[in-house]
Amino acid sequence: MAAIGASIHLVGGVSPFFQRRTTTSYGGITKRGRILAVSSEPIGRGTGFGENEKLDKKINLKTVTEKAEVKPNIYANPEELPEFEEGKKWLKDYLEECKEMIRSDGGPPRWFSPLECSSSTSPDCPLLLFLPELVKLVERTIRSENYRSPNRPIYIVAESLGACLAFSVAAQNRDIDLVLVSSNPATSFSKSQLQPLIPLLEIMPDQFPLNLPYMLSLPTGNPLRMLMDNVVKRGPLPQIIGELSQDLAKRSSYLPVLADILPKETLRWKLDLLKSGSAHANSCLHAVKAQMLILCSGRDQLLPSQEESKRLQKALPDCEIRKFEESGHFLFLEDNIDLATIIKGATFYRRGKRFDCGSDYMPPTPREFKKLHESFSWILTATSPVMLSTLEDGKVVRGLAGIPSEGPVLLVGYHTLLGIEVVPLIAQFMMERDILVRGISHPVMFVRVKDGKPPDVEISDYDILRVMGAVPVSAANFYKLMSSKSHALLYPGGLREALHRKGEEYKLFWPDKSEFVRMAARFGAKIVPFGAVGADDFAEIILDYNDLMKIPWSREEIEQLTSRSVKLRVDASGEVANQQMHMPWMIPKFPGRFYYRFGKPILTEGMKEELKDKKRCDELYLQIKSEVDGCIDFLKHRREEDPYRNIAARVLYQASHPHSTSPFNIPSFDL
């Protein structure tokens, strides 16, 4: 049951960027209705994301020029974006199709796809297979596909027993580039509450009724929450109650179908498979070298999945974890789970041997942006950002009209406390200008340290930024962003500014070397200096790095965390070289407001040869730094004139102006 449902969901979620075979696939069911091999064949990029079609053509998002046809910005109003992509299938669709699928045709197990497929697929897209069981069948398919396309990875998505199969296949095919995505793997079967059921089922009479509703609640976590997820955002309360009642009635009508799928004999057979599959997978775990992403549920009542995921992470050489605290065992049956977003957020999608931040990056779909916007909307509400930009004639205007549409564009600015200014900046660029700003970030967001810290979370803030295009800082990645004409975001002060000490608010800690100027000029990038202020209106540092290093246990923790992290600017001198990983102690303040000012773009086109001269390059570097300082000083003084700097004043304004629902629409000081 779970295998079919999972296939239906993840095909709908992953279809934009996995390849589909040209042959037609069918489903195979063995005698007595037992499902031996039910899997999704990879689907090519189709029309499911039609309204975001322009994103598929380029890595970076750019607004059109005045001469081009103007297209509407689909990101302008995230609240109005559809909750789910068109054509998505649900659990109820699976249950309907099961009425036909459980009938035996006496044939062998076969691959099949439960969704309509598109043939418009790039040949370099990787293959994705969803696994139920049968090692030999899967191994033959993998070797055949690897022979056809040896330079692309093969994705294996599996849950529970299928994950045991995936481990076994990976252990026997170490020469093939495999990426395993395993949901609640059953390698912990010996520690679960399922194992005692095997002898019990042996002695149980055939006529003994199984408590099917209770059994269904075990794998799916909280069934009522699943139903509410389907309808809670669809309309007013009477409509929600009506739709919820219909869903409850509809799911109840499928219980006879589920009873046919899960007779006692099939359940006993499945448990025996779990026992043997788990034992075999654990015996060959040492040989697994594939890249691994483990998804574990917090409400898995069948297996101790969270504890098992930690064990596997320690045992496997390249393993990441994502936790879903409110989900049950069969994660892919839950409608709010989007496997595509999870894979992208964990930086697991690639088309070659390694992830390429240019060619492998897939911009967020409208649904993904809507979901991400909902997750950080509280930041936008609390900060009510004021965005100012500078036109070519030097005039400062509200909004982002002064930002160049065509890339490459390099935004260079000041990193406020904890870097919280990044979220409103990226969100507003998407909503106002349909421009995706790709942040150049500290490697700690991408590289797991030896003991698994920083802690893995459900969909972490790091995952959100990665879905929005963040890349680890390096010369190679900077080159790729500039060569692909992206809008990139760079903080020369980096971690030192974001984790500044007491009394260092709005002080720049830039390196002596002009690190980015020559690269920007090489591609004729437009450099936009900017300043951001407001973090000091939200929190006050009470214990900074200097204070924490005086506390023995805190000093030891900082030194350990810093030693495990990726080192940057090891050859630099001065304060910018102090890249200690720590978290300052802070107390919250009554929220103020964020302010941004983007300076006049500095054009570097035609300056490639000129900037080979170190003196001229340093002069431009210092000019950019001076512009950032000027933007900060401007905002620090002008915010004093803002009558809505205090959150209480903004709440009163919105209460008296119901049409001004967006936090970006609240007025501020006069220009």
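Quick test of your reading of the structure: Lys371 fulfils all but one of (1) touching a residue at least 60 places away in the same chain (Cβ under 8 Å); (2) in a helix (DSSP H, G or I); (3) of a type in the set (Lys, Arg). Name the failing condition by number.
In the conditions (1) touching a residue at least 60 places away in the same chain (Cβ under 8 Å); (2) in a helix (DSSP H, G or I); (3) of a type in the set (Lys, Arg), Lys371 misses (1) alone.
Kindly indicate the residue of the range 576-615 that is in a strand (DSSP E or B) and out of contact with any helix residue (DSSP H, G or I) (no Cβ under 7 Å at 6 or more places or on another chain) and also surrounded by the most Cβ atoms within 10 Å (Cβ to Cβ) among those meeting that condition. If you could, list the steps in order and put the result at the bottom.
The initial filter retains those residues of the range 576-615 that are in a strand (DSSP E or B), namely 585-588, 595-598, 602-603.
Subsequent filtering for residues that are out of contact with any helix residue (DSSP H, G or I) (no Cβ under 7 Å at 6 or more places or on another chain) retains 585-588, 598, 603.
Details: Trp585: 14, Met586: 15, Ile587: 8, Pro588: 8, Phe598: 23, Leu603: 14.
Ranking the candidates gives Phe598 first.
Within the range 476-514, track down each residue that is modelled with pLDDT under 90 and surrounded by fewer than 18 Cβ atoms within 10 Å (Cβ to Cβ).
Of everything in the range 476-514, those that are modelled with pLDDT under 90 and surrounded by fewer than 18 Cβ atoms within 10 Å (Cβ to Cβ) turn out to be Asp512, Lys513.
When you go through (1) free of Cβ contacts under 8 Å to residues at least 24 places away in the same chain; (2) among the basic types (Lys, Arg); (3) surrounded by 15 or more Cβ atoms within 10 Å (Cβ to Cβ) one by one for Lys636, which number turns out not to apply?
(1)
Go through the range 527-548 and count every residue that is touching a strand residue (DSSP E or B) at 6+ places or on another chain (Cβ under 9 Å), surrounded by 20 or more Cβ atoms within 10 Å (Cβ to Cβ) and not aromatic (Phe, Trp, Tyr). Talk me through it step by step, then tell me what you get.
As a first pass, look at the range 527-548 and keep what is touching a strand residue (DSSP E or B) at 6+ places or on another chain (Cβ under 9 Å): 527-534, 538-544, 547-548.
Filter once more, keeping what is surrounded by 20 or more Cβ atoms within 10 Å (Cβ to Cβ): 527-534, 538, 541.
Adding the requirement that they be not aromatic (Phe, Trp, Tyr) leaves 527-529, 531-534, 541.
Adding up the residues that qualify gives 8.
When both residues are 6+ apart or on different chains and their Cβ atoms are under 7 Å apart, which pairs have a first residue that lies in the range 427-446 and is on the phi > 0 side of the Ramachandran plot, and a second that is among the aromatic types (Phe, Trp, Tyr)?
Matching pairs, first to second residue: Asp434/Tyr75.
Pick from the range 378-421 the residues that are assigned to a loop (DSSP other than H, G, I, E, B) and of a type in the set (D, E, K, R): which of them is surrounded by the most Cβ atoms within 10 Å (Cβ to Cβ)? Lay out the reasoning, then the answer.
Initial filter on the range 378-421 (assigned to a loop (DSSP other than H, G, I, E, B)): 384-385, 391-395, 399-408, 414-416, 420-421.
Checking the rest, the ones that are also of a type in the set (D, E, K, R) come to 392-393, 395, 406, 421.
Details: Glu392: 10, Asp393: 7, Lys395: 12, Glu406: 12, Glu421: 27.
Ranking the candidates gives Glu421 first.
Filter the range 632-660 for residues that are assigned to a loop (DSSP other than H, G, I, E, B) and closer than 16 Å to Phe538 by Cβ and give the result.
Of all residues in the range 632-660, those assigned to a loop (DSSP other than H, G, I, E, B) come to 642-646, 657-660.
Of everything in the range 632-660, those that are assigned to a loop (DSSP other than H, G, I, E, B) and closer than 16 Å to Phe538 by Cβ turn out to be Asp642, Tyr644, Arg645, Asn646.
So which residues in the range 146-180 are in a helix (DSSP H, G or I), open to solvent by less than 10 Å² (accessible area, probe 1.4 Å) and either free of Cβ contacts under 8 Å to residues at least 40 places away in the same chain or of a type in the set (D, E, K, R) (or both), if there are any at all?
Answer for the range 146-180, where residues must be in a helix (DSSP H, G or I), open to solvent by less than 10 Å² (accessible area, probe 1.4 Å) and either free of Cβ contacts under 8 Å to residues at least 40 places away in the same chain or of a type in the set (D, E, K, R) (or both): Ala166, Val169.
In the range 181-200, which residue that is small (Gly, Ala, Ser) and outside any loop (DSSP other than H, G, I, E, B) is modelled with the lowest pLDDT?
Our first condition is that a residue be small (Gly, Ala, Ser); within the range 181-200, this holds for 182-183, 186, 188, 190, 192.
Subset that is outside any loop (DSSP other than H, G, I, E, B): 182-183, 186, 188, 190.
Working: Ser182: 94, Ser183: 94, Ala186: 91, Ser188: 91, Ser190: 87.
Ranking the qualifying residues of the range 181-200, first place goes to Ser190.
Kindly indicate which of Leu333, Leu388 is aliphatic (A, V, I, L, M) and closer than 24 Å to Val437 by Cα.
Numbers: Leu333 fails: closer than 24 Å to Val437 by Cα.
Answer to the check: Leu388.
Within the range 308-332, take every residue that is under 18 Å from the mean Cα position of the chain (by Cα) and open to solvent by less than 10 Å² (accessible area, probe 1.4 Å) and give me the one that is farthest from Phe348 (Cα to Cα).
If we take residues in the range 308-332 being under 18 Å from the mean Cα position of the chain (by Cα) and open to solvent by less than 10 Å² (accessible area, probe 1.4 Å), then Ser327 is farthest from Phe348 (Cα to Cα).
Tell me which residues, restricted to the range 525-567, are assigned to a strand (DSSP E or B) and closer than 30 Å to Glu406 by Cβ.
Of the range 525-567, the ones assigned to a strand (DSSP E or B) are 526-533, 539-543.
Lys526, Ile527, Val528, Pro529, Phe530, Gly531, Ala532, Val533, listed by residue number.
If you go through the range 279-289 one residue at a time, how many are out of contact with any Leu (no Cβ under 8 Å at 6 or more places or on another chain) and either open to solvent by 50 Å² or more (accessible area, probe 1.4 Å) or closer than 12 Å to Ala163 by Cα (or both)?
Total satisfying the criteria: 6.
Examine the range 290-307 for a residue that is in contact with a helix residue (DSSP H, G or I) (Cβ under 7 Å, 6 or more places away or on another chain), over 16 Å from Glu159 (Cα atoms), open to solvent by less than 70 Å² (accessible area, probe 1.4 Å) and at pLDDT 75 or above, and state whether such a residue exists.
yes
Can you name every residue in the range 616-626 that is touching a helix residue (DSSP H, G or I) at 6+ places or on another chain (Cβ under 7 Å) and either open to solvent by less than 30 Å² (accessible area, probe 1.4 Å) or acidic (Asp, Glu) (or both)?
The first filter runs over the range 616-626 and keeps only residues touching a helix residue (DSSP H, G or I) at 6+ places or on another chain (Cβ under 7 Å), leaving 616-617, 620-621.
Hits for the range 616-626 are Cys617, Leu620, Tyr621.
May I ask you to say which residue of Asp670, Asp618 is among the charged types (D, E, K, R) and in a helix (DSSP H, G or I)?
Values: Asp670 fails: in a helix (DSSP H, G or I).
One residue alone meets the criteria, Asp618.
The values are calculated or read from the model by the stated rules, or taken from the named source; none is laboratory data. These figures come from a predicted structure and were not determined experimentally. Note: ideal-geometry Cβ built from the backbone for every residue, glycine included; neighbour counts use all protein chains shown. Each accessible area value is taken on the protein alone, full model and side chains, heavy atoms only, with ligands, DNA and RNA left out. Shrake-Rupley method; radii C 1.70, N 1.55, O 1.52, S 1.80 Å.
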